Amino acid sequence: MTPTLGKPVAAGEFWDIVAITAADKKQELAYKQQLSEKLRRKELPLGVQYHVFVDPAGVKIGNGGSTLCALRCLEKLYGDKWNSFTILLIHSGGYSQRLPNASALGKIFTALPLGNPIYQMLELKLAMYIDFPSHMNPGVLVTCADDIELYSIGELEFIRFDKPGFTALAHPSSLTMGTTHGVFVLDPFNYLEHGDLEYRCCHCFLHKPSIEKMHQFNAVYRPRNFCQKDCAGGDTACFRLDSEYVYTDSLFYMDHKSAKKLLAFYEKIGTVNCEIDAYGDFLQALGPGATVEYTRNTSNVTKEESELVDMRQRIFHLLKGTSLNVVVLNNSKFYHIGTTEEYLFHFTSDSWLKSELGLQSIAFSIFPDISEYSGKTSCVIQSILDSGCSVAPGSVVEYCRLGPDVSVGENCIISGSCIITKAVLPAYSFVCSLSLKMNGQLKYSSMAFGVQDDLKKNVKTLSDIKLLQFFGVCFLSCLDIWNLKVTEELFSGDKTCLSLWTARIFPVCCSLSDSVTTSLKMLTAVKNKSSFSLNSYELLSIEEMLVYKDVEDMITYREQIFLEISLNKKQSDLEIS
């Protein structure tokens, strides 16, 4: 029997616990509110314990540190009882700076153009991993909120997580892809036939290795007698069948004994004061070929803390000798939807993910017509669009109300917005509206920039902000257009880390529609090189918007759209019958 949304699950048929990690208290509250709403509407399997585990305040601890914190939370909640549980741990603690329409409500709650009501990443994860718990020994399956693993195996085959130590999924990938993922160095395999599913032992694990290092460790394979059926799509499938390939990582499982070992280590050290990677720092310690050498390599680390090397070495000695089992999925693909570019590509282009999941161009929306142009369509998710409104191919509209005189250009993302007056979104625009609670009052602000802008890029001094770009234009020129002065007050947070993320440039307004039109004016002014003064407005950075966000009001706004679409669909069904 398969677990059903809104129905209780039988013992042993589904996860005992589904846990989501959050970066801070504000994010924790947002996740809890959304989980509670989903359970109220019976959009998740019932009888499962859903938890949100928040990282401790202070230094960023990475998904490895979050894993350790989550294990301690489980111990506090369940004592020894969790040693018999199957647990799904989803890391969703980032601020999604590369896909900011997921920043306010979380990557794991990203809407997909699928389902009625709309599925989000959480429901997709639960569906993808539906067979795992019943073929798993007690332990923890660790995954990230913004990736999708699709695979094909024999009808009577199942992926089993029943061996001691760690077990990871492996996908055939190009060598280039291997440089940005983890790569498995597998023990020799002497079978003549290679199936879609193989259980292998891993000699050692390389984290984001160079192509030279992959060859040096014999991690590179040459074409053999298996055929990857659809190698044109997916992050891990963009290589020709006659090319060399490696096996890269996605999710991994650790048995209860390994989880307890990590927990005992965490309780002994008390706190984590550096960023630990669950993949790079846990998996590299595993397998008979693991050496301590990687612990000193900090080339892939964004911020090198003094404690990092010491922490890695302690984890290495803790886990050394633990086995790393690999489930090789020869006919599989790994997709990542963590950037604006990936999001637009998979939802609007003729991508393999779109065809494999059956992603729709119009999903649970009121919208008259969608035109296709050179293999691209627009994508509308839980939105109400007037018949006079136009959305160009390559753009995504989610949770919006757009009036008759609204024109959305190509390759735009517009989220949570309401536009009732005449408006034009220039091509490659990004607009996302947030409800805010400021001094007890409900306000609104809309972030607006170019989909290709790098919000994470930062400079250390005010004199360097000319190196930042907004909608492809020098940020200094933009400030001139908006009549804003270059001072420290222009940025929130750390004054030695100045970026578009911390720039106080987005107007606060009393209504949702005003907030969108005002932010569009500042965007259009940059596009047209005309002036639009922001002097008279209270301005926030995206960083500050997330502090003031009113999750309840954003959920209510989505619910109103949901009810209106539902009512419209009921009336349409009655008219047809």
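The values are calculated or read from the model by the stated rules, or taken from the named source; none is laboratory data. If you're wondering where the values come from, they're calculated on a predicted model, not measured in any experiment. Quick reminder, even Gly has a Cβ in these numbers, built from the backbone with ideal geometry, and neighbours come from all protein chains shown. Heavy atoms of the whole protein, side chains included, go into the accessibility calculation; ligands, DNA and RNA do not. Shrake-Rupley method; radii C 1.70, N 1.55, O 1.52, S 1.80 Å.
Just one of the listed residues (Leu490, Leu500) is surrounded by 13 or more Cβ atoms within 10 Å (Cβ to Cβ) and over 26 Å from the mean Cα position of the chain (by Cα), namely Leu490.
Filtering segment 53-69 to residues that are under 14 Å from Phe265 (Cβ atoms) and either open to solvent by 20 Å² or more (accessible area, probe 1.4 Å) or hydroxyl-bearing (Ser, Thr, Tyr) (or both) leaves only Thr67. Here Glu43 qualifies as of a type in the set (Asp, Glu), more than 20 Å from Leu262 (Cα to Cα) and either assigned to a loop (DSSP other than H, G, I, E, B) or open to solvent by less than 10 Å² (accessible area, probe 1.4 Å) (or both).
Restricting attention to segment 317-371 and to residues that are in contact with a Lys or Arg (Cβ under 9 Å, 6 or more places away or on another chain) and in a strand (DSSP E or B), the residue that is most open to solvent (accessible area, probe 1.4 Å) turns out to be Ile366. Can you name every residue in segment 180-208 that is part of a strand (DSSP E or B), open to solvent by 60 Å² or more (accessible area, probe 1.4 Å) and of a type in the set (Asp, Glu)? The answer is none; no residue qualifies.
Of the residues in segment 555-563, at least one is modelled with pLDDT of 95 or more and either over 27 Å from Gln33 (Cα atoms) or open to solvent by 90 Å² or more (accessible area, probe 1.4 Å) (or both). For Met177, the criteria (1) farther than 25 Å from Gln284 by Cβ; (2) open to solvent by 10 Å² or more (accessible area, probe 1.4 Å); (3) not polar (S, T, N, Q); (4) not in a loop (DSSP other than H, G, I, E, B) hold in every case but one, which is (1). Scanning segment 523-552 for residues that are under 23 Å from the mean Cα position of the chain (by Cα) and not aromatic (Phe, Trp, Tyr) yields Ser541, Ile542, Glu543, Glu544, Met545, Leu546, Val547, Lys549, Asp550, Val551, Glu552.
When residues in segment 559-577 are screened for being in contact (Cβ under 8 Å) with a residue 40 or more places away in the chain and aliphatic (A, V, I, L, M), 2 of them pass. From the list Leu156, Leu122, Leu114, pick out the single residue that is outside any strand (DSSP E or B) and surrounded by 21 or more Cβ atoms within 10 Å (Cβ to Cβ). Just a single option satisfies the conditions, and that option is Leu122.
This table checks each residue for (1) at pLDDT below 90; (2) of a type outside the set (A, V, I, L, M).
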residue	(1), (2)
Arg296	yes, yes
Glu304	yes, yes
Gln313	no, yes
Lys333	no, yes
Ile337	no, no
Thr340	no, yes
Thr348	no, yes
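The sole residue among Tyr31, Tyr50 that is of a type in the set (Phe, Trp, Tyr), open to solvent by 10 Å² or more (accessible area, probe 1.4 Å) and either assigned to a helix (DSSP H, G or I) or more than 16 Å from Pro138 (Cα to Cα) (or both) is Tyr50. Close contacts from segment 346-368, counting a first residue that is among the charged types (D, E, K, R) and a second that is in a helix (DSSP H, G or I) and surrounded by fewer than 18 Cβ atoms within 10 Å (Cβ to Cβ), with Cβ to Cβ under 8 Å and a gap of 6+ residues or different chains, come to none at all.
Residues that are open to solvent by 70 Å² or more (accessible area, probe 1.4 Å) and under 23 Å from Lys529 (Cβ atoms) within segment 422-450 comprise Lys422, Val424, Tyr428, listed in sequence order.
Scanning segment 70-101 for residues that are part of a helix (DSSP H, G or I) and open to solvent by less than 10 Å² (accessible area, probe 1.4 Å) turns up Ala70, Leu71, Leu74, Trp82, Pro100.
The residues of segment 57-109 that are farther than 17 Å from Met254 by Cα and among the β-branched types (Val, Ile, Thr), listed by number, are Val59, Ile61, Ile108.
Could you identify the single residue in Asp386, Asp405 that is open to solvent by 20 Å² or more (accessible area, probe 1.4 Å) and touching a Pro at 6+ places or on another chain (Cβ under 7 Å)? When all the criteria are applied, what remains is Asp386.
Of all residues in segment 7-28, those being in contact with a strand residue (DSSP E or B) (Cβ under 8 Å, 6 or more places away or on another chain), open to solvent by 10 Å² or more (accessible area, probe 1.4 Å) and part of a loop (DSSP other than H, G, I, E, B) number 5.
The residues listed here are Pro133, Pro164, Pro138; of these, the one that is open to solvent by less than 20 Å² (accessible area, probe 1.4 Å), more than 17 Å from the chain's Cα centre (by Cα) and more than 24 Å from Thr340 (Cα to Cα) is Pro133. On the stretch given as segment 538-558, residues that are over 19 Å from Asp494 (Cβ atoms) and either in contact with a strand residue (DSSP E or B) (Cβ under 7 Å, 6 or more places away or on another chain) or in contact (Cβ under 8 Å) with a residue 40 or more places away in the chain (or both) total 10. Of the residues that make up segment 96-112, is at least one at pLDDT 95 or above and farther than 21 Å from Leu455 by Cβ? Within segment 96-112 (the criterion being at pLDDT 95 or above and farther than 21 Å from Leu455 by Cβ), the answer is yes, since at least one residue qualifies. For segment 451-472, the tally of residues that are open to solvent by less than 90 Å² (accessible area, probe 1.4 Å), among the charged types (D, E, K, R) and over 28 Å from the mean Cα position of the chain (by Cα) stands at 1.
Checked against the criterion of being among the β-branched types (Val, Ile, Thr) and open to solvent by less than 10 Å² (accessible area, probe 1.4 Å), the candidates Val508, Val547, Val526 yield just one match: Val526. With respect to the conditions (1) within 28 Å of Ser134 (Cα to Cα); (2) in contact (Cβ under 8 Å) with a residue 24 or more places away in the chain, His181 lacks only one, and its number is (1).
Only one of these is of a type outside the set (Val, Ile, Thr) and in contact with a Gly (Cβ under 6 Å, 6 or more places away or on another chain): Ser96, Ser103, Ser92. Name it. From the options Ser96, Ser103, Ser92, the qualifying one is Ser92. Candidates Leu353, Leu308: the one that is on the phi < 0 side of the Ramachandran plot, touching a His at 6+ places or on another chain (Cβ under 6 Å) and modelled with pLDDT under 95 is Leu353.
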